[in-house]
Amino acid sequence: MSQSNLQPAISIRGLTKRYGNLTALNDLNLDVVRGEVLGFLGLNGAGKTTAIRLLLDLLRPTSGKAFIFGHDCYLDGRAARAQVGYLPGELGLYPDLTGLEVLDFLAGLSQRPVDQRRRQELIDRLELSDRDLCRRIRQYSTGMKRKLGVIQAFQADPPLLILDEPTEGIQPNIIDQIGEAIKLLRRGGHHNEAMLLADASHSVKKLKEEGNYPKPDLLETLTEQIRALQREGAHRDPAAFRQVNDTFAVLRKEGPHEGTLLKDEITKALGLLNAETSMTILLVEQYLDFCKELADNFAILDRGSVVARGSVAELTDEVVKEHLTV
């Protein structure tokens with residue numbers, strides 16, 4: 001593995017930002033590993049937005065350093081920013097442009113080409129119609145604007161996504177749509193993971209019913225692996241997804257599959273989805289249920305410093321009460 005592949009997606013060392021006597025960020029140290037979704041939490045004024053602006057070189061630090069995929073955010077800022085899709089807390093949208101014109105305009109400002117397939121998948125997933133995209137932004141609801149913001153952040157298929165309060169001010173059904181879109185697109189987005197696993201499960205069931213597979217224990221193993229993924233999702237456990245893919249390959253190699261749903265397209269789809277590079281996401285979010293649903297780990301800021309960090313399973317009521325309750 002190359003040295004560049006060992007570098008974290010984000011590396012922050014001693015980052016400090018002062019405004020006169022006010023310290024907005026205080027000696028912040030933080031790493032975000034590749035493929036991780038990190039919930040970046042804290043009360044209002046904790047320093048989250050300041051940290052993001054420093055990462056994107058929208059502010060300059062008083063001291064300290066920050067790197068994105070090894071690129072110095074201040075000495076090589078253009079290369080660092082080219083790796084990032086960003087959804088700001090307040091997305092400046094031109095009211096007289098249509099939704100599609102906004103997407104094209106923002107794409108023109110990016111250093112990465114638009115992935116048209118990815119854009120269309122997001123449009124479909126977030127249920128924006130052609131008619132919606134032809135409307136002027138002044139006619140958009142808050143929820144529609146937020147959907148458009150998610151699309152513009154994702155549309156160039158960046159390796160790092162920074163989302164600043166994606167659920168703020170929008171209704172629950174749109175929050176669910178955005179959450180599902182993020183989970184799916186984290187691992188490629190062009191396959192329906194739930195349907196794929198359902199097809200795989202049906203394939204194994206049919207082999208069991210036929211009763212002529214030479215290794216029934218392998219069928220039982222694969223059944224349990226698929227069930228675990230259906231409960232947790234590949235975004236929670238990419239290693240488990242890889243194991244299903246590997247076991248599926250052994251199943252096809254060592255036994256008959258004519259007449260079953262063990263067709264080439266299922267195996268090809270599993271392999272392709274397994275091969276996708278997971279997107280790294282820094283998720284700034286006040287809605288804890290949304291964060292727990294999407295994040296792998298969390299870091300809590302208070303007065304500009306990390307005061308708690310762990311897996312999302314460790315984000316207990318006690319931790320929330322201590323650090324995230326006014």
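The values are calculated or read from the model by the stated rules, or taken from the named source; none is laboratory data. None of the values given here were measured: they were computed from a predicted structure. Glycine also receives a Cβ, built like all others from the backbone with ideal geometry; neighbour counts cover every protein chain displayed.
Cβ-Cβ distance below 8 Å, separation of 6 or more or different chains: which pairs start in the range 122-139 with a residue that is assigned by TED's automatic domain parsing to the domain that holds Gly179 and end on one that is surrounded by fewer than 11 Cβ atoms within 10 Å (Cβ to Cβ)? Close Cβ pairs satisfying both conditions: Arg136/Pro95; Arg136/Asp96; Ile137/Pro95; Ile137/Asp96; Arg138/Pro95; Arg138/Asp96. Looking across the range 30-48 at every residue that is touching a residue at least 24 places away in the same chain (Cβ under 8 Å) and over 18 Å from Thr280 (Cα atoms), the one that is nearest to the chain's Cα centre (by Cα) is identified as Gly42. Looking only at residues in the range 125-172 that are among the small types (Gly, Ala, Ser) and outside any helix (DSSP H, G or I), the one that is nearest to the chain's Cα centre (by Cα) is Ala156.
For Gly92, the criteria (1) closer than 16 Å to Arg146 by Cα; (2) assigned to a helix (DSSP H, G or I) hold in every case but one, which is (2). Take the conditions (1) closer than 21 Å to Gly20 by Cβ; (2) in contact (Cβ under 8 Å) with a residue 12 or more places away in the chain; Gln111 misses just one of them, which is (1).
Considering the range 52-79, the residues that are on the phi < 0 side of the Ramachandran plot and aromatic (Phe, Trp, Tyr) include one that is surrounded by the most Cβ atoms within 10 Å (Cβ to Cβ), namely Phe67.
Here is a yes/no grid of residues against (1) under 22 Å from Gly39 (Cβ atoms); (2) buried (at least 17 other Cβ atoms within 10 Å of the Cβ):
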{"site": "Arg81", "(1), (2)": "no, yes"}
{"site": "Val84", "(1), (2)": "yes, yes"}
{"site": "Pro88", "(1), (2)": "yes, yes"}
{"site": "Gln111", "(1), (2)": "no, no"}
{"site": "Glu127", "(1), (2)": "no, no"}
{"site": "Met144", "(1), (2)": "no, yes"}
{"site": "Val150", "(1), (2)": "yes, yes"}
{"site": "Leu163", "(1), (2)": "yes, yes"}
{"site": "Asp176", "(1), (2)": "yes, no"}
